[in-house]
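Report on the structure given below.
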């Protein structure tokens, strides 16, 4: 299972990557896409939506399951990845790259530090798998 | 509970889930890949969790003819029929396949895993004729080899061409490695192929050999999307004790001219009066995934609910089976309520995907 070093992680298996000027790119982790199986549908909130940490920012559906995606931190949705509407399978193929889901304009940079780093997330996933 | 193939699934790295008390593979690498393998080449399924009930003796024919919806005395040797156990109201206790092993003397019933115990209790309770009933579920494994390359793979390995069998017939093949195996030209995928009954202890050997020969292991996930593409009902989802074969559009498996089977009077009544709802196919015109329980609307009125739904890997669109009010007709537009969205769909007659060889 792939857990890139430079990313932040949530307990709901989202990843966040600080890109530029207080912007965070958000997606779901390799563990999450693997647990869900073949993704057949992705729906994301609209650009401009203001969200608090833990608010839903989208829905991912596989053949077998429906899963909400939650905002890792407070912010405003700055961009959404429209490509996922037509090619939801990208989430299985490249969850940390092309299948990013939204870009959030982060309200409080200090909140980012409360997220898990790669090592903590690795331990979290291992504990959950037991 | 585990099938005799459980350790094979583990070795192959399957994702195991609970299926009515059975630890079964839901997928190995992914539902979509496995689904496409069955449509395009060949897939292998463990269906050993299903129940096998032997019914024998001179009384087997009158007994089975009373508890089943098909004409049992007319079954020739090696014929297979799809049929039902019905309650007095015509509700479906289970759907099953009947195998005529020896006309007038020996039959095998293959029933759903989730219903085996209940079926067995019911069958024994109904047996006033005195037929000999035997549960062979534990010692019998069932492997389904399905897809356009299934026959070739089987022939290359066991030197018997299943394509010499007609659909819905079977034969018993004596093999050195696996003893007597029963090869049935049936399946639950619409992709062609065979279902193989064999002694449980022989199953791992046949399974791993067929995998080596190129059949792709497939889990219950693909089994479900494949059957749904064909519009085959799943007991517990699309049919149950509250629905009848007439409502489900399964009249072909009910012989209404046959006297005296359980449920006949109710079905005749329903057949005469007409049904208030029917199981229909729905194809989504928008993106989304219909799922069991989702409400169907037409002109602002609730007209039914989805019983099975998924995204068809072949069509790339959402498909569903749903009981819809009798006023709804083929080609009508019906909305499926997917959470807060109303998605447009068209009423169709399944199969959603054409069966192999048709």
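Quick note: the coordinates plus some simple rules give every number you see, no bench work behind them. No experiment lies behind these values; they were computed from the predicted model shown. We place every Cβ from the backbone using ideal geometry, glycine too, and count neighbours over all the protein chains shown.
Points to keep in mind about this one:
- Spin-label model, residue B:166/residue A:110: points 7 Å from Cα along the beta carbon direction are separated by 8.1 nm.
- Taking a quarter of the surface of the Cα convex hull of chain A gives a mean projected area of 7.1 nm².
- Subtracting the Cα-Cα distance of residue B:132 and residue B:276 from their residue separation scaled by 0.36 nm leaves 47.9 nm.
- Taking other C-beta atoms within 10 angstrom as a stand-in for reagent exposure, B:294, B:252 fall in the order B:252, B:294, fewest first.
- Computed log₁₀ I(q)/I(0) - Debye formula, equal Cα scatterers, no solvent, region B:162-214, q 0.16, 0.32 Å⁻¹: -0.50, -1.22
- For region B:63-121, alpha-carbon Rg over 2.2 N^0.38 Å: 1.09
- One equal scatterer on each Cα of region B:220-301, no solvent, Debye formula: the resulting log10 I(q)/I(0) at q = 0.12, 0.14, 0.22 Å⁻¹ is -0.47, -0.63, -1.19.
- Label-point separation in nm, residue B:251 to residue A:129, each point 7 Å along Cα→Cβ: 5.5
- Counted by neighbouring Cβ atoms within 10 Å, the residues B:338, B:98 run from fewest to most as B:98, B:338.
- Principal axis dimensions, largest first and in whole angstrom, of the protein assembly as shown by Cα: 84, 57, 39
- Additional length obtainable on full extension of the chain from residue B:174 to residue B:285, 0.36 nm per residue less Cα span: 34.9 nm
- Counting every pair of alpha carbons in region B:1-130, the share spaced more than 24 Å apart comes to 42 percent.
- Burial ranking of peptide ranges B:120-130, B:24-34 (average Cβ count within 10 Å, highest at the top): B:24-34, B:120-130
- Using the Cβ-Cβ distance between residue B:201 and residue B:317 with R0 set to 45 Å, the FRET efficiency from 1/(1 + (r/R0)^6) comes to roughly 0.55.
- Cα convex hull of region A:1-78 - mean projected area over all directions, nm²: 5.2
- Label-zone membership for region A:62-104, site residue A:55, 7 angstrom Cα→C-beta point, backbone N under 12 Å: A:71-78
- Taking only the Cα atoms of region B:94-156, the ratio Rg/Rh comes out at 1.07, with Rh defined as the Kirkwood radius.
- Shape metrics for region B:109-197, restricted to C-alpha atoms - Rg then Dmax, Å: 15.4, 47
- For region B:276-358, the spherically averaged projection of the C-alpha convex hull amounts to 5.4 nm².
- Shown for B:209, B:308, B:114, B:276: other C-beta atoms within 10 Å of each C-beta, ranked fewest to most, produce the order B:276, B:209, B:114, B:308.
- Backbone N within region B:267-299 under 19 Å of label point (7 Å from residue A:65 Cα along the Cβ vector): B:289-292
- Per-residue [θ]222 nm for chain B (sum of -39500 (n - 2.57) over DSSP H runs n ≥ 4, rounded to 500): -6000 deg cm²/dmol
- The rule of thumb for compact globular proteins, 2.2 N^0.38 Å, goes into the C-alpha radius of gyration of chain B 0.99 times.
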